[in-house]
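**Student:** Please read through the structure below; I'll follow up with questions.
What follows draws every value from the coordinates through simple rules; no lab data is involved. Nothing here was measured: the structure is a model prediction, and the numbers come from that model. Here Cβ is always computed from backbone atoms with ideal geometry, including for glycine, and neighbour counts include all displayed protein chains.
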């Protein structure tokens, strides 16, 4: 399957799910295992502003009705920060995450990522920018069922036109780092939920993001696997310097963040 065919397939897939598989180049070789790590204090110094959201609003048409998903949202994400967006279901947290990642366009307001106003980019330039700057991890994983784990992990490298040997080496190294290196020949249906979610995180890291956006990444996992996934996110942040933004209604995840943004009915409270 050519990169163009894969791109068309995933666009159809994403249209159905409001999600996307982003391509991210590996930022650095992790010298140590991604194991559980201590929480970093909320007083930890943060880097410069990586994402700037200003007066953001989003309306959707649902039949004859207009739904105001977000209203006048202003916030920032800093380099290396672990930020949680928390809200009850239907309060706009997934919409905010999608707008931050350029997966959807706001009705009004602006989103700037790494100094680039997303509204200034054409669709093709936006896709290219996302593939090298932003990683996405979603609740339902979105591994392709007909591809082996190894091939699933390589997909972002295919979109980024990375040489085959290079993307294979990166995928194998990251898989070994998170304890699924012996599963590369398996199909997704042969993996546990925790293993699949670790694979989704590896895929998001393959091309080295400055930021990972995760929408309810532990929503389908039991508590033990959920804790392991959040430990992994924290270790990624510490080892690679990647900013992590998680949208969730899970208060246990919020307790481990540097900072929490709360939404209610599409507005920050």
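**Student:** Where q = 0.20, 0.22 Å⁻¹, what log10 of I(q)/I(0) comes from the Debye formula for the range 206-269, counting one point per Cα?
**Tutor:** Log-scaled intensity ratios, in q order: -0.85, -1.00.
**Student:** Could I ask something else about it? Please arrange 51, 227, 67 by counting, for each residue, the other beta carbons lying within 10 Å of its beta carbon, fewest first.
**Tutor:** So the residues, fewest neighbours to most, are 67, 227, 51.
**Student:** With no solvent and one equal point scatterer per Cα, compute the Debye intensity ratio I(q)/I(0) for the range 166-252 at 0.16, 0.18 Å⁻¹ and report its log10, rounded to two decimals.
**Tutor:** -0.63, -0.80
**Student:** Order of 215, 258, 250 from fewest to most other C-beta atoms within 10 Å? Present the calculation step by step, with values, prior to reporting the outcome.
**Tutor:** Numbers: 215 23, 258 20, 250 17.
Taking fewest neighbouring Cβ atoms as first place, the list is 250, 258, 215.
**Student:** Beyond 23 Å, how much of the Cα-Cα pair distribution for the range 111-200 remains, as a whole percent?
**Tutor:** On the way: 1286 of 4005 pairs.
Of the Cα pairs, 32 percent sit more than 23 Å apart.
**Student:** Sort 203-211, 260-268, 154-162 for me by packing, meaning the mean count of neighbouring Cβ atoms within 10 Å per residue, highest on top.
**Tutor:** Top to bottom by mean Cβ count within 10 Å: 203-211, 154-162, 260-268.
**Student:** Plugging the Kirkwood radius over Cα pairs into Stokes-Einstein for the range 45-99, at a temperature of 37 °C and a viscosity of 0.692 mPa s, what D comes out in µm²/s?
**Tutor:** Working: Rh = 12.7 Å.
Using the Kirkwood radius from Cα pairs, D works out to 259 µm²/s.
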